[in-house]
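A.B. asks: Have a look at the structure that comes next, please.
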Amino acid sequence: MNFSIDHQSPIPLHVQTEQLLRKMINEEDYQNGKLLPNEVELAKVLAISRTTLRQAINKLVYEGLLIRKQRTGTRVNKLHISSKSNNWLSFSQEMQLRGIKIRNFELHVTWVYPDEILANFFDIKTDRKILKMERVRGGVDEPFVYFVSYFHPRVGLTGDEDFKRPLYELLKVDYSTVATLSKEEISAIAADSVMAEKLRVPVDAPVLFRKRFVFDQAERPIEYNLGYYKADSFTYTVESRR
């Protein structure tokens, strides 16, 4: 396969790199588990920066098409089935549409060091602290969702913001950061002791687990969000058109 991109093309380099990677994913050798070329070597061959290459790789990683492991390399993920929604809403918008009045039961903001998963998503080092926000939210009488959000340092959040405001409105108005793209993964898990306490359910009760990866207009990652919902309080709806 020819590893090359057109540096004279008006198409951005990261977009061309993404297109090249998508072609590589469909190659039989890579489908059978062969590692993709080393990032340093591939960036050199394509005459692009590793940042540009990682931007393209990260997008495919969070689409579930590639798996990247530190000190091992990047390979094609095995075929899996997923659902997508054409539109996504903030929690506040979702509840407003359902006519549910929101109550905040807990709000905690801290600065933490990212693990490798978060560092890879944000493309930062593990020794750079990021803002972590935990919220327990629900109706007037009881909580039904526990959110954990992590934010890229680039956004500029300080931790002193009024997080009772709609989050994406806050990011847009105060930090000129527009949340444009969301990718989600939905699965079912059993509540551990922390989730059980937050959601007021028994340990091992069914919980709907949602990962949300949020990107800005340039498709740069801005938020890594984990949501734990009471199973009887959340419905995931998919709308498709043909």
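A.B. asks: Give me the mean projected area, in nm² to one decimal, of the convex hull enclosing the Cα positions of the chain. Don't skip to the answer; put the middle values down first.
C.D. replies: On the way: hull surface 62.6 nm².
Mean projected area of the Cα convex hull: 15.7 nm².
A.B. asks: Moving on to the next point. Quick one: compute a quarter of the convex hull surface over the Cα atoms of segment 91-233 and quote it in nm². List each step's numbers first, then the result.
C.D. replies: Working: hull surface 34.5 nm².
Reported value for the Cα convex hull: 8.6 nm².
A.B. asks: Filter Lys59/Lys129; Lys101/Lys125; Lys34/Lys198; Lys125/Lys164 down to the pairs with a C-alpha to C-alpha distance above 32 Å, please. Write out the running numbers ahead of the final one.
C.D. replies: Working: Lys59/Lys129 23 Å; Lys101/Lys125 40 Å; Lys34/Lys198 43 Å; Lys125/Lys164 30 Å.
From Lys59/Lys129; Lys101/Lys125; Lys34/Lys198; Lys125/Lys164, over 32 Å: Lys101/Lys125; Lys34/Lys198.
A.B. asks: Using the Karplus curve 6.51 cos²θ - 1.76 cosθ + 1.60 with θ = phi - 60°, what ³J(HN,Hα) values do you get for each residue of segment 221-233, in whole Hz, with x for Gly and Pro?
C.D. replies: Per-residue couplings from phi come out as x, 10, 9, 10, 10, 10, x, 10, 10, 4, 4, 8, 10 Hz.
A.B. asks: Per residue of segment 17-29, what does 6.51 cos²θ - 1.76 cosθ + 1.60 with θ = phi - 60° give for ³J(HN,Hα)? Whole Hz please, x for Gly and Pro, Karplus curve as stated.
C.D. replies: 5, 4, 4, 5, 5, 4, 5, 5, 4, 7, 5, 4, 4
A.B. asks: Ranked highest first by average number of other Cβ atoms within 10 Å, how do 110-118, 223-231 line up? Mind dumping the intermediate values first?
C.D. replies: Details: 110-118: 12.9, 223-231: 20.1.
Sorting 110-118, 223-231 by mean packing, highest first, produces 223-231, 110-118.
A.B. asks: Of Gly139, Phe213, Leu199, which is farthest along the charge dipole of the chain in the positive direction, counting Lys and Arg as +1 and Asp and Glu as -1 at C-beta?
C.D. replies: Farthest towards the positive pole: Phe213.
A.B. asks: Under Stokes-Einstein, with the Kirkwood radius over Cα pairs standing in for Rh, what whole-number D in µm²/s applies to segment 13-76 at 20 °C and 1.002 mPa s? The partial results should precede the final answer.
C.D. replies: Values: Rh = 11.6 Å.
For the chosen part, D equals 184 µm²/s.
Readers should treat all values here as calculations from the given coordinates under stated rules, not as data from a laboratory. As the structure is a prediction and not an experimental result, all values here were calculated from the model. Ideal geometry is used to build each Cβ from the backbone, glycine not excepted, and the neighbour counts take in all protein chains shown.
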